Amino acid sequence: MKQVNQMAKIMLLCHVDENFKKIENLVFDNHKNYCDKHNVIYKKIYTKDILISSDLINNQVYWLKIYALYDQLINNPDIDWIFLLDIDCIFLRKTIPLDFFVSSCNNKQDILLCYMDNNIVNFWNVNIGAAFFKNTVFVKQFIRNMLDFAEQKSFSIYEQNCLQYMLQHNHMSVLDHVGFFPEHSFNHGHDNSFIFHACAESSAFSTDSLEEIIDKKCNLLRRYL
């Protein structure tokens, strides 16, 4: 087990759907420069490279990042933590290392999430688009259970809602393993945040075309690049 004074080996993992290449090209230098600066492994997984057993996933592309996360946890036992980051995120305060967050948690906390409300009840604002996952047996089983649940539901549930549901019902006593950070610690974000996440524009809740949503996300991100 890593000691507190040792730097954890961290992977920054992004799933990139081919439809989001415009955003990928926009944020690449920001991601790469940050990872190089802090000795973080930068890994991008493309939709075409994710092999799954069910075609049902085509109904819900958001789940592909969870498959990518599970695969990287299984196949990289030397990685201590994976920081799962949506491609529409950028680093603003680049001097803050990811290790700051993982070294701030206790040994029982395997999943680190941002949440805006100290009175945690329904976890409605928990966002899996920027979250830390420790490479433990518990986390791998928890993620596997998320995927199994989604498959049973024919992927009719968003990955966000699935995570919120499992938190609400304390599945696998997950709350004993989660560390909650204030909302803007490493997700959502504003002008002075560590990370800005352009999640205000989402294809999950918009009537705009995907191309229009991507253009809006790019415009939001360009404000900080």
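Values for this structure:
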item: Boolean, M172 is in contact (Cβ under 8 Å) with a residue 12 or more places away in the chain and over 19 Å from the mean Cα position of the chain (by Cα); result: yes
item: Residues of segment 141-165 that turn out to be free of Cβ contacts under 8 Å to residues at least 60 places away in the same chain, farther than 19 Å from D86 by Cα and of a type in the set (A, V, I, L, M, F, W, C), as a count; result: 2
item: Output for segment 54-80, where each listed residue is modelled with pLDDT of 95 or more and part of a loop (DSSP other than H, G, I, E, B); result: N76, P77, D78, I79, D80
item: Condition check for F83: surrounded by 15 or more Cβ atoms within 10 Å (Cβ to Cβ), touching a strand residue (DSSP E or B) at 6+ places or on another chain (Cβ under 8 Å) and either farther than 25 Å from W63 by Cβ or modelled with pLDDT under 95 (or both); result: no
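The values are calculated or read from the model by the stated rules, or taken from the named source; none is laboratory data. As the structure is a prediction and not an experimental result, all values here were calculated from the model. Reconstructed Cβ throughout: ideal geometry from the backbone, glycine too, with neighbour counts over all protein chains shown.
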